[in-house]
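Since every read-out is calculated from the coordinates, none of them should be taken as a lab result. This is a predicted model, so every value here is computed, not measured. Cβ atoms come from the backbone with ideal geometry, glycine included; neighbour counts cover every protein chain shown.
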Amino acid sequence: MLIQQLNSRIHAIKAPSLALACMLALAACVTPNTEQPTLSDPDLPSLDNAVEGYAYPEPLSGEQIETLVQDTIVPPRALRVQIATSILMMESQRPYAPSFFPITEGDEAETLVLMDTGTLGLDNRYKARAFVSVTTSLIRNNPIFLEHGVQNEASIFDMLKIWGFERLVVTNGDDFSHVFEIN
C-alpha cells in the first residue's frame, strides 16, 4: 500500500531533490531478495535503439547484475525521463561543467545512458564499474537509506530497477561503452 501511495505521488513532485528523496523512500519499502548481487559476463544484448551508434558507440563489453529488489511497481516512462532530466539539472547547477550527461533511450525509456563529458576518463569497463561504485556510495549515504537500514545492501542497480530501468550504459561517447543488464 505504501509503495502504491509513494508511486502515485512521485509525479506531483517538481523539485529534483524531493523526487530523489521520494524514490529513495520507495526503495526502502521494497521486499529485498536474500541473495547477494552477482556479476557475470553474458552474451552482449542487442540494444536495438536510435541512440546507440549515433550518440555513443555500441557496447563491446557488458555484464548481468542481479539486484536485491524482487518486485516493484514499474513507474511510467515519463518518470524515467524526469529522473534523467533531474540528474542533468543537478549536474548543470554545479559551479563547474557537468562530468556526465544522462540520456534515456528505448520505447519506454528503459535504458539509462551516462555519458562521460571527458572529465571522468571512462575508457574501460573497470573505470565504468568504479564510477557506478562511487554512485552507489553516494546513494548509500542518503538519510533515507540510513533511516531504513538498507545502506549496506542496496546499490544503484536496485534504485534503477525500482525506477523501471532495465539497463545502464556507461560510455565516453567516443570509443567505449559498457552495458549493465539489470535483473
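Here the relative contact order of region 106-183, from alpha carbon pairs under 8 Å that lie six or more residues apart, stands at 44 percent. Close amide-amide hydrogen proximity is noted between Thr117 and Phe100, Phe101, each under 5 Å apart and 5 or more residues distant or on a separate chain (H modeled in the peptide plane; Pro and chain starts excluded).
For the listed peptides 85-91, 98-104, a ranking on the average number of other beta carbons within 10 Å per residue, highest first, reads 98-104, 85-91.
Based on the Cβ-Cβ distance from Gln64 to Ala130, what FRET efficiency comes out when R0 is 25 Å, to the nearest 0.05? Walk me through the intermediate numbers first.
Numbers: r = 19 Å, r/R0 = 0.75.
Approximately 0.85, to the nearest 0.05.
Net charge in the neighbourhood of Gln151 (other residues with Cβ under 14 Å of its Cβ; Lys, Arg +1, Asp, Glu -1) is -2.
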